[in-house]
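Comments concern the structure below.
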Amino acid sequence: ENDLGAGVMQQILLVGLAGAVGAVARYLLSSIVTGLFGASFPWGIFLVNVLGCFLFGIVIGLAEHFELIGDVVRLTLLTGFMGAFTTFSTFIFDTHLFLGEGKWLMGMLNAAGQIVIGLICLWGGQKMVDMLN
């Protein structure tokens, strides 16, 4: 039982460290791109999200097709680094899985639902705080 606990603690530590690196990478890349192209359009986050999807695809491909990445490394890279770099890549992957399984309605509900409900919740959260003022 101690080995299981130690293994879980190691995974938590790896995910946390990779998450810190992913968050810093997102901040740096987004800042550099915004500095280069200006803030009239969110090019920095746009690039982070697109790059995140590409990197997520590479990790999944290496793990599933070539078995080059084990479970712990996959968890560390996808949940840790990619989770902090961009959750958009996970959102896209989940939608991709639905579409790949022919579950078009589920895929579209996932995509449109998260975007629309997310926007409504963002607006609602801001309005709730505005009412406190």
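The values are calculated or read from the model by the stated rules, or taken from the named source; none is laboratory data. Keep in mind the model is a prediction, meaning the values are calculated, not measured. With ideal geometry, Cβ positions are generated from the backbone for all residues, glycine too; neighbour counts draw on all protein chains shown. Keep in mind that these areas ignore ligands, DNA and RNA; they rest on the heavy atoms of the full protein, side chains included. Shrake-Rupley method; radii C 1.70, N 1.55, O 1.52, S 1.80 Å.
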* Look at residue 28 and say whether it is without any contact (Cβ under 8 Å) to a residue 12 or more places away in the chain and out of contact with any strand residue (DSSP E or B) (no Cβ under 6 Å at 6 or more places or on another chain). => yes
* Asked: What about residue 95, is it open to solvent by 70 Å² or more (accessible area, probe 1.4 Å), polar (S, T, N, Q) and closer than 20 Å to residue 45 by Cβ?
  -> no
* Structure fact -> Filtering the range 1-30 down to residues that are within 22 Å of residue 80 (Cβ to Cβ), among the polar types (S, T, N, Q) and open to solvent by 50 Å² or more (accessible area, probe 1.4 Å) yields 10, 11
* To do: Taking residue 39 as meeting all but one of (1) within 22 Å of residue 79 (Cβ to Cβ); (2) loosely packed, with under 15 Cβ neighbours inside 10 Å, write down the number of the exception.
  => (1)
* To do: With the condition kept exactly as written, say whether any residue in the range 64-78 is touching a Cys at 6+ places or on another chain (Cβ under 9 Å), within 29 Å of residue 13 (Cβ to Cβ) and open to solvent by 60 Å² or more (accessible area, probe 1.4 Å).
  => no
* Would you kindly identify the helices (runs of 4 or more DSSP H) lying entirely within the range 1-95 that contain at least 3 residues that are out of contact with any His (no Cβ under 7 Å at 6 or more places or on another chain) and closer than 23 Å to residue 113 by Cβ? => 43-64
